[in-house]
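Some notes on the structure that comes next.
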Amino acid sequence: MSDPCLEGVTSQDGALTFGVAIAVPEPFGERLRARRASFGDPAAAQIPSHITLLPPDQVTEDGLDDLAARLEHVAARTAPFEVTLQGTGTFRPVSPVVFVAVSRGIAEAGVLAADLRAALDAPEPLFPFHPHVTVAHHLDDAALDHAYATLEDFGCDFDVTEVALYLHREGEGWSTHRTFALEGPRPG
């Protein structure tokens, strides 16, 4: 029997597209989404502000419970940590992306991403893990330059207390399917 919460999520081959990320909490997430829209990024309304831990991948509907159990296992042994977003960066010329940089919490996010990859038997990324929040993507150079300059003074701090499992719905974009609390002991 099909889960009504997954209606519209499956692709033609029956797979679900998922991603795992740290959601940028409000009001910061909405501010960054609004800025992304103001730069002309057509994906702004379909992508919540986030720090990607696992890039988009596929899972069958039958495999979703196992995926959730593995995510829950990693989250249960991971301690909450603090993140600071500060300043901008870019992946140009390799990729037409401008982002807000993670300046504190890089190591913790990297360990969490590696633990998630190991738990899911996910392949190593093509590029080194670099936690960030995309704010402009696939725009012309002038728009990317504008995004870079406009947000270079942006900054915020927040505690990461959970990770989110996102699912993609065709025509609607990404939405949170479930969150997993980070429950490991804090160091010190």
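The values are calculated or read from the model by the stated rules, or taken from the named source; none is laboratory data. Note that the structure is a prediction, hence the values are computed from the model and not measured. Every residue, glycine among them, receives a Cβ derived from its backbone with ideal geometry; neighbour counts consider all protein chains shown. In case anyone asks, the SASA skips ligands and DNA or RNA and just uses the protein heavy atoms, side chains included. Shrake-Rupley method; radii C 1.70, N 1.55, O 1.52, S 1.80 Å.
Structural remarks
- The loop-placed trypsin sites (Lys or Arg not before Pro) in the stretch 50-125, going by DSSP, that have at most 13 neighbouring Cβ atoms within 10 Å of their Cβ come out as Arg77.
- Each Lys and Arg contributes +1 and each Asp and Glu -1, all at the Cβ; summed about the Cα centre of the chain, the dipole is approximately 480 debye.
- Working ranking of peptides 168-174, 32-38 by packing, defined as the average number of other Cβ atoms within 10 Å per residue, highest first, is 32-38, 168-174.
- With a 1.4 Å probe rolled over the protein heavy atoms of all chains, the accessible area of Asp57, Asp153 falls in the order Asp153, Asp57, largest first.
- Cβ-Cβ FRET estimate between Phe91 and Asp62, R0 fixed at 30 Å, reported to 0.05: 0.25
- Base-10 log of normalised Debye intensity for the chain (one unit scatterer per alpha-carbon) at q = 0.14, 0.15, 0.20 Å⁻¹: -0.81, -0.93, -1.48
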